1. State whether one or more residues within the stretch 53-60 are crowded, with 16+ Cβ neighbours inside 10 Å and either within 27 Å of the chain's Cα centre (by Cα) or within 16 Å of the ligand (Cβ to nearest atom) (or both).
2. Can you work out which of the residues in the stretch 17-52 that are crowded, with 16+ Cβ neighbours inside 10 Å and in contact with a strand residue (DSSP E or B) (Cβ under 7 Å, 6 or more places away or on another chain) is nearest to residue 385 (Cα to Cα)?
3. Considering only the stretch 91-98, I want to know if a residue exists there that is surrounded by 13 or more Cβ atoms within 10 Å (Cβ to Cβ) and assigned to a strand (DSSP E or B).
4. Is there any pair with a first residue in the stretch 224-235 that is under 15 Å from residue 15 (Cβ atoms) and a second that is within 8 Å of the ligand (Cβ to nearest atom) whose Cβ atoms are under 9 Å apart and which are 6 or more apart or on different chains, and what are they?
5. Condition check: in contact (Cβ under 8 Å) with a residue 24 or more places away in the chain, touching a helix residue (DSSP H, G or I) at 6+ places or on another chain (Cβ under 8 Å) and crowded, with 21+ Cβ neighbours inside 10 Å. Does residue 70 satisfy that?
Ligand code: PMP
């Protein structure tokens, strides 16, 4: 039944079914788009394309309703228990979303002598906005100290014990990532709340979790969720910032100051509908199983070194399994060369430093990232190809 469920979903991705000789293994960069998302875009553009928030003719009203409806849809998708208090701001992706939190909210939260805690080895998009905000505030005479959100070597996620040493009475903000984009581990952000207490805003980079697993703002107990729609089946140039109750200056209720990416927003609503129908819990199980299949296979190949904690390599142990991606290097072949070789066999993977801030960034590696359209057969064929390169 699981394989049948997956086959029917995979069949909805024309770019996947249209290229039987190719395996798209780069979904952490951006996902492919299912037919219902393409249809929603086509329908909107051919029946009611107009600008939003202005005009009083039917197409304009429809567009406004679609954009406002999409905000509510994002809240619902994120399991928001209090949609009346929260807000959703549309962006072009996670990078822009995190920048927006830094620019539009953070300055209001901070005073001279305050501290913020940020992860130094996550995606660059979740470090540079906070450093830039600090520098901007410093020019205004507001000194903010940046502390590192610590990781634990053994399991690869954040270290709540070490965080307790970092957090102090002046801690006013914590930035964290839900699923790491190089190591593939769930960073266990729910533990951060227990350390910092109820008052400190936590901003979550959910770029690698939204669309891949159920993301519940209530369960995570965070104040901001920032994600990319384009990694979750929607069009490029889409994303959102969900804010629990902190209203940034960009929110002028009822006021529209620019033209939103209406088509992108329409695609996002269709994508979230599609994901909910498919079931993010089932998508999670499918991709985690595929990732385990790959990490187990890689562990048997001497020539490859998997990045991140070794212990999460073994499926079925108490140490968490990798989510939908795994990053590795060949001990003798340059990663870019390996990428070319793999493409000559039909595999599309990510190579380079993966925009990681610090740590393994410099050396380059190959990242294989999966979504619901990938199959065990693709993994087995990839492993066979990797084995021939030993
Ligand atoms: N954060 C993480 C964890 C990511 O994986 C990515 C995507 N590479 C980003 C941020 C940036 O996302 P976007 O390219 O949509 O801005």
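No value in this document is a laboratory result; all are computed from the given coordinates. The shown structure was predicted, so the numbers you read here are calculated from the model rather than taken from an experiment. Don't worry about glycine lacking a Cβ; one is built from the backbone with ideal geometry, like all the others, and counts go over all protein chains shown.
1. No, the stretch 53-60 contains no residue that is crowded, with 16+ Cβ neighbours inside 10 Å and either within 27 Å of the chain's Cα centre (by Cα) or within 16 Å of the ligand (Cβ to nearest atom) (or both).
2. Filtering first and then ranking leaves 23.
3. Scanning the stretch 91-98, I find at least one residue that is surrounded by 13 or more Cβ atoms within 10 Å (Cβ to Cβ) and assigned to a strand (DSSP E or B), so the answer is yes.
4. Matching pairs, first to second residue: 230/30; 230/92; 230/93; 230/239; 234/228.
5. Values: in contact (Cβ under 8 Å) with a residue 24 or more places away in the chain: yes; touching a helix residue (DSSP H, G or I) at 6+ places or on another chain (Cβ under 8 Å): yes; crowded, with 21+ Cβ neighbours inside 10 Å: yes.
Taking the combined requirement at face value, the residue satisfies it.
Conditions tested, residue by residue: (1) farther than 24 Å from residue 219 by Cβ; (2) within 11 Å of the ligand (Cβ to nearest atom).
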| residue | (1), (2) |
| --- | --- |
| 81 | no, no |
| 91 | no, yes |
| 96 | yes, yes |
| 103 | yes, no |
| 107 | yes, no |
| 111 | yes, no |
| 118 | no, no |
| 123 | no, yes |
| 127 | yes, yes |
